[in-house]
Amino acid sequence: MPRARRGGGGWRPGRQNEAYLFLLPSLLGFLLFIVIPVLGSLALSLVRWNLLTPPTFIGLNNYVEIFTRDPLFLQAFGNTLFYAVTIVPLQLLAGLTIALALNQGIRGVKIYRLIYFMPVVSSVVAAALIFQWMFNRDFGVISAIFWWLGDVTGLPIAPPDWLNSSFWAKPAVVLLTVWKNMGFTMVIYLAGLQSVPEELYDAAKVDGASAWQQLRNITLPLVSPTTFFLLIIQMIGAFQLFSEPFVMTRGTGGPAGATTSIVLYIYQA
């Protein structure tokens with residue numbers, strides 16, 4: 001019986017060096033554009049430097065000052081947390097709901113998918129300007145609904161002054177952000193839903209499972225990796241929120257800092 005030839009495509013102990021060579025471009029990019037800037041930012045946060053004089057090491061004084069002597073930062077941090085705990089769940093819920101609806105074999109489903117995805121590729125500035133008009137207390141579309149309800153019912157119903165109210169301004173920014181980005185969530189969920197085997201649903205129907213039981217026991221568990229991916233991506237996006245509050249408030253982050261996010265706070269500083 002002939003002996004098997006050595007070499008060829010098999011693994012050899014010394015071949016891990018070849019793998020490192022293939023990984024080297026990505027590792028260099030990660031090192032140059034992520035690791036070094038992060039370490040540099042950390043080092044700069046420990047010094048006082050005005051770019052004109054040599055930096056002076058002050059330890060954690062910058063952190064102590066920003067957390068104890070700057071109330072605007074704490075307000076911006078609280079606003080950002082509000083955005084994260086409202087925008088992320090609403091986007092996940094809205095995106096999953098639309099994806100479930102558009103994963104059915106309905107007529108014109110591609111047109112509906114296009115319509116729901118269009119806000120994602122639209123300009124943030126244009127969308128924010130439209131929402132500014134919609135939330136206008138005197139002639140906005142949303143406020144008109146409140147005025148109409150007051151006229152019909154005879155009750156003293158009046159819309160809030162959305163963008164001039166420290167309480168209602170943040171929900172207005174949240175609604176804009178969710179509307180703008182839920183199409184992206186929908187597309188990712190559609191990809192996850194279409195990877196679920198149809199045989200599981202057929203077997204569940206044979207066993208008499210209801211639509212809710214199929215959703216709870218089949219769909220949600222099998223798209224949980226998709227949900228986790230979207231959760232991480234959208235949490236990062238919520239903490240980087242800038243354009244929506246900036247345009248909606250004309251760069252002020254008002255009223256009284258009510259919509260200022262951390263990134264907008266850094267821009268204003």
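Work out the length of the dipole vector of the chain about its Cα centre, built from +1 on the beta-carbon of each Lys and Arg and -1 on the beta-carbon of each Asp and Glu, and round it to the nearest 20 debye. It would help to have the intermediate numbers written out before the result.
Working: 16 positive and 11 negative charges, 220 e Å.
In debye, rounded to 20, the chain gives about 1060.
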Write out the chymotrypsin sites (Phe, Trp or Tyr not before Pro) in segment 29-98 meeting two conditions: DSSP loop, and at most 12 other Cβ atoms within 10 Å of their Cβ.
TRP49
How much accessible area per residue does the chain have, counting only protein heavy atoms and a probe of 1.4 Å, in square angstrom?
65
Given only helices, namely DSSP H runs of n ≥ 4 each adding -39500 (n - 2.57), what is the per-residue ellipticity at 222 nm of the chain, to the nearest 500 deg cm²/dmol?
-20000 deg cm²/dmol
Let me see the pair-distance distribution of segment 15-69: every alpha carbon pair, 5 Å bin width, integer percents in order.
4, 16, 15, 15, 12, 10, 8, 7, 7, 4, 1, 0
Of LEU72, TRP49, VAL124, whose Cα points farthest to the positive end of the dipole of the chain (charges on the beta-carbon: +1 Lys, Arg; -1 Asp, Glu; origin at the Cα centre)?
TRP49
Given the options LEU163, LEU74, LEU32, state which has the largest fluctuation in a GNM of the chain using a 10 Å cut-off (strictly under) for Cα springs.
LEU32
So what is log10(I(q)/I(0)) for the chain at q = 0.11, 0.16 1/Å, when the Debye sum runs over its Cα atoms only?
-0.90, -1.24
Could you work out how far apart the two model spin labels at ALA191 and SER224 are, taking each label as a point 7 Å from the Cα in the direction of the beta carbon, and quote it in nm?
2.1
Looking at segment 115-155, which chymotrypsin sites (Phe, Trp or Tyr not before Pro) are in a loop (DSSP not H, G, I, E or B) and have at most 13 other Cβ atoms within 10 Å?
PHE139
When the Karplus curve 6.51 cos²θ - 1.76 cosθ + 1.60 is applied with θ = phi - 60°, which whole-Hz ³J(HN,Hα) does each residue of segment 218-224 get, with x for Gly and Pro?
10, 5, 4, x, 7, 9, 4
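The values are calculated or read from the model by the stated rules, or taken from the named source; none is laboratory data. Small disclaimer: the values here were computed from a predicted structure and weren't measured. For neighbour counting, all protein chains shown are included, and Cβ atoms are generated from backbone atoms with ideal geometry for every residue, glycine included. Only protein heavy atoms, including side chains, enter the accessible area calculation; ligands, DNA and RNA are left aside. Shrake-Rupley method; radii C 1.70, N 1.55, O 1.52, S 1.80 Å.
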